[in-house]
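Remarks on the structure that follows.
The values are calculated or read from the model by the stated rules, or taken from the named source; none is laboratory data. Nothing here was measured: the structure is a model prediction, and the numbers come from that model. Glycine gets a Cβ as well: all are built from the backbone with ideal geometry, and neighbour counts include every protein chain shown.
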Amino acid sequence: MKTEEVPQETAKTYGGVKKLLYAVDDKGEYTGVNSAGWEVETYVTMAAVDEIVRLRNEALERARAGKTSPLEFHMFDRRMELATLAATSGFWTWRVKRHFKPEVFAKLDEKILSRYAECMGITVDQLRSLPDV
């Protein structure tokens, strides 16, 4: 993309801040150009947010029904997905999935729960519980 082609549509997802993109200038070299946004990018970002909210709500219902642990709900509530939670907690993906099982989650020791809570920025008590609403 050339510098004059960098999108300058106002993106509500940018919160009034500009984003640095790289484009080719008149000399054929890459240079940084500030962008105010792009409608297509805004649409895709909002669709991704809507999807994670849907997954969060479904996980909340499953957790309330005893079909999954609160861990899955909190993962989506923090806008994470399985690979992200595994990477930030240091557990293998298969192990995190195992911790989604309510009977396994109930037996986790404080050290494991603390690792999850820390990477999600919540307390262990919050991790063990679900919101009232």
For this session: Answer yes if at least one residue in region 87-110 is buried (at least 18 other Cβ atoms within 10 Å of the Cβ) and among the acidic types (Asp, Glu), and no otherwise.
Result: no
Seminar exercise, completed: Subset of region 52-65, residues surrounded by 12 or more Cβ atoms within 10 Å (Cβ to Cβ) and over 30 Å from ASP109 (Cβ atoms), comes to VAL53
For this session: Please verify whether region 13-22 includes one or more residues that are in a helix (DSSP H, G or I) and closer than 22 Å to ASP77 by Cβ.
Result: yes
For this session: Please name all residue pairs, on different chains or six or more residues apart, with Cβ atoms under 7 Å, provided the first residue is in region 107-128 and is of a type in the set (D, E, K, R) and the second residue is not in a loop (DSSP other than H, G, I, E, B).
Result: GLU110/VAL124; ARG115/SER89; ARG128/PRO70
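How many of the residues in region 40-80 are closer than 16 Å to PRO102 by Cα and not in a helix (DSSP H, G or I)?
Final tally of qualifying residues: 5.
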Exercise. Does LEU113 meet the test of being more than 24 Å from ASP50 (Cα to Cα), modelled with pLDDT of 95 or more and in a helix (DSSP H, G or I)?
Worked result: yes
Problem set entry | Answer residue from region 66-85, given it is among the aliphatic types (A, V, I, L, M) and farther than 20 Å from ASP125 by Cα and is surrounded by the most Cβ atoms within 10 Å (Cβ to Cβ) among those | LEU82
